[in-house]
Structures are given as C-alpha cells and as structure tokens.
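The values are calculated or read from the model by the stated rules, or taken from the named source; none is laboratory data. Only a predicted model underlies this, so the values are computations on that prediction, with no experimental measurement involved. Neighbour counts run over all protein chains shown; Cβ positions are idealised from the backbone, glycine included. Remember, those area values only see protein heavy atoms, side chains included, never the ligands or the DNA or RNA. Shrake-Rupley method; radii C 1.70, N 1.55, O 1.52, S 1.80 Å.
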Amino acid sequence: EFVSAHAYLAGIYLAQDDYAGFLDESQTSARLRGDTRRLAILARAAEAFRRGGGTAMLRAMLSEELALRRAGGSSDYALAELHARLGERDAALGLLDSANRAGDVGMVSLRADAMLDGLHDDPRFRTLAALVERPPPRPG
C-alpha cells in the first residue's frame, strides 16, 4: 500500500467533512508509517468523534497537538490547520505568521492546503500567501 495515497485521501475526506473517512485513512497512513504517536492521537480523535461529532474530534486533535507542541513536537503550522478548520481565524493566522517566520516547510502548500480553505478570503491570509510565494532576493 502507498502511504501517501492514504494521507492524500484523508485530506480530501476532511475537506468534505467526512470525518469517518478522514479517521480511517489517517489511521491507515499512520499504521503504514509505524507512527505510534499519530495513531494514539487518532484513537483519541476517533473516540471524541463518536461522542461529539466532527467539532469534538477537531478539538481533541488540537488538544493533543498543543501537548505535543509544548513537548517540542508538532508545529505552529499543524496547530494553525486545526484552528482554521474550527473557524478560529485569528489564532490560525497568528500561528501561520509564526510558522512563516520560523521557515516551516508546510508553508509551501499554504494555498493548496484544504485545512486552510476557510482563510482564503481574509486579507491577512492573502498577504501572508504573497510573502510565501515571493522568490528570495538574489545575492549581490
């Protein structure tokens, strides 16, 4: 099986608010990668989904990502994705700005990331996207 195909499908399902499909494909991807940390996060997310639906799942994932971030894992970009999906624009945009200043590699997919679709009409997002897409200055 191809790990990237499952990760890609998970993103599509999430963009379509198909949380069960998202969880299934995310768990398959994590299992194929041997990522036990991600599997644990997804298990908690699945339990939250069963108890409270999509928003509860996203909140559980955010809680887990925040704990990882405090321990030196995760990234501001990953946190921004979850805040954006939850409709928390200010938090998401602040974290994206921080991720950009830190040179987070996730920023290269800023406009294509379905998790961030809800931010595209915000002028702050467009400004940030323009900064990311600007080529680096030429030396000398």
query: Just a yes or no: is a residue in the stretch 32-40 farther than 24 Å from Arg69 by Cα and open to solvent by 50 Å² or more (accessible area, probe 1.4 Å)?
result: no
- request: Write out, first by first residue and then by second, each pair whose Cβ atoms fall under 6 Å of each other, whose residues are 6+ apart or on separate chains, and whose first residue, in the stretch 60-79, is more than 13 Å from Ala40 (Cα to Cα) and without any contact (Cβ under 8 Å) to a residue 60 or more places away in the chain while the second is open to solvent by 20 Å² or more (accessible area, probe 1.4 Å) and among the hydroxyl-bearing types (Ser, Thr, Tyr).
  value: Asp76/Ser98
field: Search result, residues across the stretch 86-101 that are farther than 16 Å from Ser75 by Cα and open to solvent by 40 Å² or more (accessible area, probe 1.4 Å)
entry: Gly87, Glu88, Arg89, Asp90
- request: Just give me the residues in the stretch 105-123 being of a type in the set (A, V, I, L, M, F, W, C) and in contact with a Gly (Cβ under 9 Å, 6 or more places away or on another chain), in sequence order.
  value: Ala114, Met115
task: Taking Ala15 as the residue in question, decide whether it is over 26 Å from Arg134 (Cα atoms), exposed (fewer than 14 other Cβ atoms within 10 Å of the Cβ) and in contact (Cβ under 8 Å) with a residue 24 or more places away in the chain.
output: no
- request: Evaluate the stretch 33-49: report whether one residue or more is of a type in the set (Phe, Trp, Tyr) and within 15 Å of the chain's Cα centre (by Cα).
  value: no
query: Of all the residues that make up the stretch 109-131, how many are under 20 Å from His83 (Cα atoms), out of contact with any Asp or Glu (no Cβ under 9 Å at 6 or more places or on another chain) and free of Cβ contacts under 8 Å to residues at least 40 places away in the same chain?
result: 12
- request: Go through the stretch 12-32 and give me each residue that's out of contact with any Phe, Trp or Tyr (no Cβ under 8 Å at 6 or more places or on another chain) and at pLDDT below 95.
  value: Ile12, Ala15, Gln16, Asp17
So Leu128, is it open to solvent by less than 80 Å² (accessible area, probe 1.4 Å), closer than 26 Å to Asp18 by Cβ and of a type outside the set (Asp, Glu): no
message: Can you tell me which condition Ala78 does not meet? The list is (1) open to solvent by 50 Å² or more (accessible area, probe 1.4 Å); (2) small (Gly, Ala, Ser); (3) at pLDDT below 95, and all the others hold.
response: (1)
- prompt: Got a sec? Which helices (runs of 4 or more DSSP H) wholly within the stretch 1-120 have at least 1 residues that are among the β-branched types (Val, Ile, Thr)?
  reply: 3-15, 19-33, 36-70
